[in-house]
Amino acid sequence: MVVLEYFPKPNPKYGNTTKLFDEEAVKKLCWRKTAILAGEDAGGDEEGLLEKGEKLFGEKD
């Protein structure tokens, strides 16, 4: 998930760092990927692509 910004949080149990992602950013990435994999074309309309992806993702449930 290199494409998403994250917030590092120390993990005292294992002595390493945990990556915390913004929930809205993860949702948008998921919707964008779902729409593109379904063959939708962005055509420069990012909001339209996200709406189509959100609808398609909701149909999976």
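Computed from the coordinates by the stated procedures, all read-outs in this text should not be read as laboratory data. Remember, it's a predicted structure, so these values are computed and weren't measured experimentally. Please note: Cβ atoms are built from the backbone with ideal geometry, for glycine as well, and neighbour counts cover all protein chains shown.
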Matching residues in region 1-32 (touching a Gly at 6+ places or on another chain (Cβ under 7 Å) and among the basic types (Lys, Arg)) number 1
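Rundown of residues vs (1) assigned to a helix (DSSP H, G or I); (2) surrounded by 10 or more Cβ atoms within 10 Å (Cβ to Cβ); (3) touching a strand residue (DSSP E or B) at 6+ places or on another chain (Cβ under 9 Å); (4) among the charged types (D, E, K, R), yes/no style:
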{"residue": "4", "(1), (2), (3), (4)": "no, yes, yes, no"}
{"residue": "24", "(1), (2), (3), (4)": "yes, no, no, yes"}
{"residue": "32", "(1), (2), (3), (4)": "yes, yes, no, yes"}
{"residue": "39", "(1), (2), (3), (4)": "no, no, no, no"}
{"residue": "43", "(1), (2), (3), (4)": "no, no, no, no"}
{"residue": "48", "(1), (2), (3), (4)": "yes, yes, no, no"}
{"residue": "51", "(1), (2), (3), (4)": "yes, yes, no, yes"}
{"residue": "56", "(1), (2), (3), (4)": "yes, yes, no, no"}
Counted residues in region 6-22 being outside any strand (DSSP E or B) and farther than 25 Å from residue 46 by Cα come to 4
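Looking at the structure I just gave you, is residue 20 in contact with a Phe, Trp or Tyr (Cβ under 8 Å, 6 or more places away or on another chain) and surrounded by 12 or more Cβ atoms within 10 Å (Cβ to Cβ)?
On the way: in contact with a Phe, Trp or Tyr (Cβ under 8 Å, 6 or more places away or on another chain): yes; surrounded by 12 or more Cβ atoms within 10 Å (Cβ to Cβ): no.
No: the conditions fail for residue 20.
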